[in-house]
Structure formats: structure tokens, C-alpha cells
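Novice: Mind looking over this structure? Questions follow.
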Amino acid sequence: MNQYFTNNENLKSNIKTIQFTIFDETYILYSDNGVFSKDGVDFGTRLLLETLLMNEMQGKVLDVGCGYGPIGLTIKKRTNCQVDMVDVNQRALHLTEKSAVKNNLIVNVYKSDAYENVEGIYDFIITNPPIRAGKKKVYEILIGAYGYLTDNGALWFVMRKDQGVKSTLKDLENYYNLSIKSRKKGFFVICATKKEKIVDNA
Ligand SMILES: C[S@@+](CC[C@H](N)C(=O)[O-])C[C@H]1O[C@@H](n2cnc3c(N)ncnc32)[C@H](O)[C@@H]1O
């Protein structure tokens, strides 16, 4: 099966545009076969953005698993943050680049498997994580964020109840102070700030 997070160059391309309206602004985003939520921005992504952007944001932002770009591009439009966006899916990266140009937004877009090619540290790491890539990869992104956040930085993510949000929160407890910022239709938006020291239960 072709998963949205694999690079399948044989998958027929059919680039189209979708409109995404949030906070009374409409973005034209390019989408294609083989990317996540290709027909319209995911409800969880929207809830994450609506919740996150109620807060003031400053500094550097990393969008991990950017897909065709709704998270990073909306943040860039609404804040003065530097926004970096990574994904493993080359097609998604290409779409994000096209959408950035279309919406007159300057962001840094590059390929990275989780943090493999990420350098430096960030004030915010934001993700709608790739559940279908498996728990190990999701934890690599969520727990791995610890090492790429400033001391006062925050990881924000969205996850559904039936995707195991409760057990994920339990597993993140040793690393982060966790707060549920919103919940709707089974989706939870979580803000995780770094604990001063990782708790070692061993
Ligand atoms: C649930 S989608 C979210 C996409 C986009 N941020 C959105 O909200 O529409 C997860 C994204 O993570 C990407 N992904 C999967 N495995 C990854 C990995 N190992 N490193 C980085 N990104 C990955 C997928 O290609 C996909 O675009």
C-alpha cells in the first residue's frame, strides 16, 4: 500500500490547489496524490493551529512532518517567527515550496527523517505526527523534540483519542510538563514544555 509518508515516484502526480481559510484569511495550497489529507486540511491540523495561534509566538519554529504545508505556512503568515519545515516525503516538500511562493511566504523547507538533518534549537516544535509511520517514529518525533527545544521552548502536537493520546501522554511525562490545550471531536491538542531534567524511572 502506498502510504502518504513514503516517497513513491511512481504514484501518478495530479497537482491541484485547495483553499484553506483560517482566522479569516484564505491560503491557496498545492496538494497531490500521495500526501496526507490531500483533499483539504485535516480537522486536527486546523484545531492545532486555532489553539496554538491564540498564543503569542516569537522566535524559531520547526514544523515536523509538514506535509503540503498548512501548519508552517499559517504560522509564518500570522507571526514574525522564522519557520523551518521538514518532511520525509519529497512530493510534500515540493508542494510546500510551491505553496510558500503562491502565498508570498518565506520559509525554509528541507528533507529530514525526524530530526536527522535538523540543526540548532527551536522555541516551538509543532507537529501533527505521522501515526501511520508507527509508534517508534512518532516517539522519535515527540520525545526527540526535547533535544531540539530551547529551555523554555514548547512542543505542540495534535492526536486523536483513538490514536492513543492518553498512553502517549503517560510516556511523555518523564520529559515534559504536559497540558491539554483543547479537545474537540476526539482530537486533543497538547502543549509540552521541557522538564528541567528528564526523570529516570529506571
Ligand atoms: C499527519 S501528516 C501531517 C501533515 C501536515 N503537517 C498537515 O498537518 O497536514 C504527517 C506528516 O509526517 C510526514 N512524515 C512521516 N514520517 C516522517 C519522518 N520520519 N520524518 C518527518 N516527517 C515524516 C508525512 O510525510 C506527513 O506529511
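Novice: Residue check: is ASN117 more than 19 Å from ASN152 (Cβ to Cβ), touching a Phe, Trp or Tyr at 6+ places or on another chain (Cβ under 8 Å) and in contact (Cβ under 8 Å) with a residue 60 or more places away in the chain? Before the answer, list the steps.
Specialist: Working: more than 19 Å from ASN152 (Cβ to Cβ): yes; touching a Phe, Trp or Tyr at 6+ places or on another chain (Cβ under 8 Å): yes; in contact (Cβ under 8 Å) with a residue 60 or more places away in the chain: no.
No.
Novice: Residue by residue through region 58-76, note down the ones that are within 15 Å of the ligand (Cβ to nearest atom) and of a type outside the set (Gly, Ala, Ser).
Specialist: Residues of region 58-76 within 15 Å of the ligand (Cβ to nearest atom): 61-76.
Those that are within 15 Å of the ligand (Cβ to nearest atom) and of a type outside the set (Gly, Ala, Ser): VAL61, LEU62, ASP63, VAL64, CYS66, TYR68, PRO70, ILE71, LEU73, THR74, ILE75, LYS76.
Novice: Are any residues in region 151-188 in a strand (DSSP E or B), within 16 Å of the ligand (Cβ to nearest atom) and either without any contact (Cβ under 8 Å) to a residue 12 or more places away in the chain or not charged (D, E, K, R) (or both), and if so, which ones?
Specialist: Here is the first cut: in region 151-188, the residues in a strand (DSSP E or B) are 151-160, 176-184, 187-188.
This time we only want the ones that are within 16 Å of the ligand (Cβ to nearest atom), so: 155-160, 182, 184, 187-188.
Of everything in region 151-188, those that are in a strand (DSSP E or B), within 16 Å of the ligand (Cβ to nearest atom) and either without any contact (Cβ under 8 Å) to a residue 12 or more places away in the chain or not charged (D, E, K, R) (or both) turn out to be LEU155, TRP156, PHE157, VAL158, MET159, SER182, PHE187, PHE188.
Novice: Next up: Looking at region 184-194 only, could you name the residues that are of a type outside the set (Val, Ile, Thr) and either surrounded by 16 or more Cβ atoms within 10 Å (Cβ to Cβ) or touching a strand residue (DSSP E or B) at 6+ places or on another chain (Cβ under 6 Å) (or both)? Before you say what the answer is, go through the steps one by one.
Specialist: Going residue by residue through region 184-194, those that are of a type outside the set (Val, Ile, Thr) are 184-188, 191-192, 194.
Within region 184-194, GLY186, PHE187, PHE188, CYS191, ALA192, LYS194 meet the criteria.
Novice: Could you please tell me which pairs satisfy a Cβ distance under 6 Å, a separation of 6+ or placement on different chains, a first residue in region 134-148 that is free of Cβ contacts under 8 Å to residues at least 60 places away in the same chain, and a second residue that is among the hydrophobic types (A, V, I, L, M, F, W, C) and buried (at least 18 other Cβ atoms within 10 Å of the Cβ)?
Specialist: GLU140/ALA114; GLY144/ALA114
Novice: Next question, about the same structure. Working carefully through the options ASN10, ASN14, ASN33, find the one that is surrounded by 12 or more Cβ atoms within 10 Å (Cβ to Cβ) and not charged (D, E, K, R). Working first, answer last.
Specialist: Details: ASN10 fails: surrounded by 12 or more Cβ atoms within 10 Å (Cβ to Cβ); ASN14 fails: surrounded by 12 or more Cβ atoms within 10 Å (Cβ to Cβ).
Exactly one residue qualifies, and that residue is ASN33.
Novice: Follow-up question, since we're still on this one. Can you find a residue that is in contact with a Gly (Cβ under 9 Å, 6 or more places away or on another chain), in a strand (DSSP E or B) and surrounded by 15 or more Cβ atoms within 10 Å (Cβ to Cβ) anywhere in region 128-150?
Specialist: no
Novice: Something else about it: Here's a check for you: in region 36-65, which residue that is polar (S, T, N, Q) and surrounded by fewer than 17 Cβ atoms within 10 Å (Cβ to Cβ) is modelled with the highest pLDDT? Before the answer, list the steps.
Specialist: Start the filter on region 36-65 by keeping residues that are polar (S, T, N, Q), which leaves 37, 45, 51, 55, 58.
When the remaining residues are screened for being surrounded by fewer than 17 Cβ atoms within 10 Å (Cβ to Cβ), the result is 55, 58.
Values: ASN55: 95, GLN58: 98.
Across region 36-65, the extreme among qualifying residues is GLN58.
Novice: Can you tell me which residue in region 91-119 is nearest to the ligand (Cβ to nearest atom), limited to those that are in contact with a helix residue (DSSP H, G or I) (Cβ under 8 Å, 6 or more places away or on another chain) and more than 15 Å from TYR30 (Cβ to Cβ)? I'd like the intermediate steps shown before the answer.
Specialist: Keep residues of region 91-119 that are in contact with a helix residue (DSSP H, G or I) (Cβ under 8 Å, 6 or more places away or on another chain), which gives 96, 99-100, 103, 105-107, 109-111, 114-115, 118.
Now restrict to residues that are more than 15 Å from TYR30 (Cβ to Cβ): 106, 110-111, 114-115, 118.
Numbers: ILE106: 19, TYR110: 11, LYS111: 9, ALA114: 5, TYR115: 8, VAL118: 10 Å.
Once the filter is applied, the top-ranked residue is ALA114.
Novice: Given region 19-105, what helices (runs of 4 or more DSSP H) lie entirely inside it while holding 2 or more residues that are in contact with an Asp or Glu (Cβ under 7 Å, 6 or more places away or on another chain)?
Specialist: Values: elements: 43-52, 70-78, 90-102.
Those helices (runs of 4 or more DSSP H) span 70-78, 90-102.
Novice: Kindly list the number of the only condition in (1) within 9 Å of the ligand (Cβ to nearest atom); (2) without any contact (Cβ under 8 Å) to a residue 40 or more places away in the chain that fails for VAL88.
Specialist: Of everything listed in (1) within 9 Å of the ligand (Cβ to nearest atom); (2) without any contact (Cβ under 8 Å) to a residue 40 or more places away in the chain, VAL88 misses just condition (2).
The values are calculated or read from the model by the stated rules, or taken from the named source; none is laboratory data. Treat the numbers as computed from the prediction; the structure is a model and nothing was measured. Glycine also receives a Cβ, built like all others from the backbone with ideal geometry; neighbour counts cover every protein chain displayed.
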